[in-house]
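Comments concern the structure below.
The values are calculated or read from the model by the stated rules, or taken from the named source; none is laboratory data. Source: prediction; values computed, not measured. Note that each Cβ is placed from the backbone with ideal geometry, even for glycine, and that neighbours are counted across all protein chains shown. All accessible areas refer to the heavy atoms of the entire protein, side chains included, with ligands and DNA or RNA removed. Shrake-Rupley method; radii C 1.70, N 1.55, O 1.52, S 1.80 Å.
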Amino acid sequence: MPAPAEVTLGWDVGGAHLKAARIETNGGVSGVWQECCPLWRGIGYLETALERILAANDGPPAAHHAVTMSGEMTDLFPTRRDGVHALVDLLGRHLDGSLHFYAGSAGFRDAAAAKAEPGRVASANWRATAELAARRLGEGLLIDIGSTTTDIVPLRDHAAATDCADDAARLAAGELVYTGIARTPVMAISADAPVAGRWLPLMAEHFATSADVHRVLGWLPEGADLHDSADGGPKTPAGSRARLARMVGLDAESLPDAAWTELAAWLADRQLDCINRAVRLVLSRIRLDARAPLVVAGTGAGLGVRLAARLERPVVRFSTLVSDRGARAESIDGCAPAVAAGLLLAGAPA
């Protein structure tokens, strides 16, 4: 473990974003960064994002780096093993100080061990968040709603109460749901929708995303939508209404704005239904105390609050479990795996 007097940077290397958190010597989170990083387009996007985050760091350089990832699954790499190897090598070239790769229940590994056991390192970022939250809370249900996916992890006896070790198992168990607040294609949310008093099938085209849904409703957090819109058009309520209208074969001017707000509300309900269905599956398998809270994290943490109301459970924001030394609570929630990895490596007390 790092010595108490040394700074640690936590990293979450995703397929769409690079996130980082600076952990000071007192265990406080002093800075959190998120950069757009469409890794599927080329490794150069990750290098640029790394450079931007490193340039934004003030104070003494980090002596230690805690890395977790999910970017190895992008189709830039032939296999996840190849992805882990490539990301480990790239980070080793760009980061000064000692590198430690999060391997889930196995703890941290150096670069050689991470490449020898890529299955432990691949897509383990969710577990870092769950492990830190469990240590500090004891019992609850972690709901991390990101731009693309939702992680649902039961916490019990100060540990992550799951046997799932890979994405396939997590999908089957309801602990990984491919829906998020910004990047989910609308056609994946619902097959049809009520529009002006009739049911219309949604077109199976990438005309709009969940960012459009939540932007029209006024629910999209600042900084949640860093990628291009589906049509490359403006990220405004008017632009989002036009994209949603296109999903049902209409133009935005065909109906009043209120009609598109109603469509967005329908789609938001269906998305929350999808997450709620998975939560019910998890809760049917892992019995938690009725008073155990939902620990909400991710850029879509606000949706987690709405879900808690449905479940009639109390809510705990992930950021409230972390010592803040200057970072915004919303940023800590949005970059929870990077924050958690950094704190776990730094040996921050429970």
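Most tightly packed first, judged by the mean number of other beta-carbon atoms within 10 Å of their residues, the peptides 240-249, 10-19, 222-231 read 10-19, 240-249, 222-231. Each peptide in 136-148, 257-269, 196-208, 55-67 receives the mean, over its residues, of other Cβ atoms within 10 Å, and ordering these scores from highest gives 136-148, 257-269, 55-67, 196-208.
Report, to the nearest whole %, how much of the accessible area of the chain belongs to carbon and sulfur atoms, 1.4 Å probe, protein only. Don't skip to the answer; put the middle values down first.
On the way: 7360 of 14500 Å².
Here carbon and sulfur together make up 51 percent of the probe-accessible area.
Segment 286-313 and segment 14-71 have Cα centres lying 28 Å from one another. Both the radius of gyration and Dmax for segment 269-318 are 10.5, 27 Å, in that order, over alpha-carbon atoms. The shape of segment 202-273 comes out rounded: with a ≥ b ≥ c from the C-alpha gyration tensor, a/c is under 1.5. Centre-to-centre separation between the Cα atoms of segment 167-208 and those of segment 222-273: 13 Å. How far, in nm, would the chain grow between ALA204 and ALA191 when pulled straight, counting 0.36 nm per residue and subtracting the alpha carbon separation? Taking 0.36 nm per residue and subtracting the Cα distance, the gain is 3.8 nm. Modelled label positions at THR25 and ARG81, each set 7 Å beyond Cα in the direction of Cβ, lie 4.4 nm from each other. Summary value for the chain: 22 percent relative contact order, contacts being C-alpha pairs under 8 angstrom separated by 6+ residues.
Which value in deg cm²/dmol, rounded to the nearest 500, describes the helix-derived mean residue ellipticity at 222 nm for the chain, given -39,500 (n - 2.57) per DSSP H run of n ≥ 4 and division by the residue count?
Estimated from H runs of four or more residues: -11500 deg cm²/dmol.
What the pair-distance distribution of segment 117-270 shows, using all Cα-Cα distances binned every 10 Å from zero, is 11, 35, 26, 19, 9, 1 percent. Taking every alpha-carbon pair under 8 Å whose residues sit at least 6 apart, segment 278-327 reaches a relative contact order of 35 percent.
Eigen-decomposition of the gyration tensor built on the alpha-carbon atoms of segment 166-229 gives equivalent ellipsoid semi-axes of 23, 18, 11 angstrom, largest listed first. Using heavy atoms of the protein chains and a probe of 1.4 Å, the accessible area assigned to CYS36 is about 40 Å². Summing charges over all other residues whose Cβ lies under 10 Å from the Cβ of LYS19, with Lys and Arg as +1 and Asp and Glu as -1, gives -2. Calculated on C-alpha atoms, the gyration radius of segment 57-98 divided by its Kirkwood radius gives an Rg/Rh of 1.08. Each residue of the chain gets 128 Å³ once the volume of the Cα convex hull is shared out per residue.
Taking amide H as placed 1.01 Å from N in the peptide plane, VAL67 has its amide H under 5 Å from the amide H of TRP11, HIS100, PHE101, TYR102, each at least 5 places away in sequence or on another chain.
Taking a probe of 1.4 Å, how large is the accessible area per residue of segment 176-227, in Å²?
Working: 2380 Å² over 52 residues.
Each residue of segment 176-227 exposes 46 Å² on average to a 1.4 Å probe.
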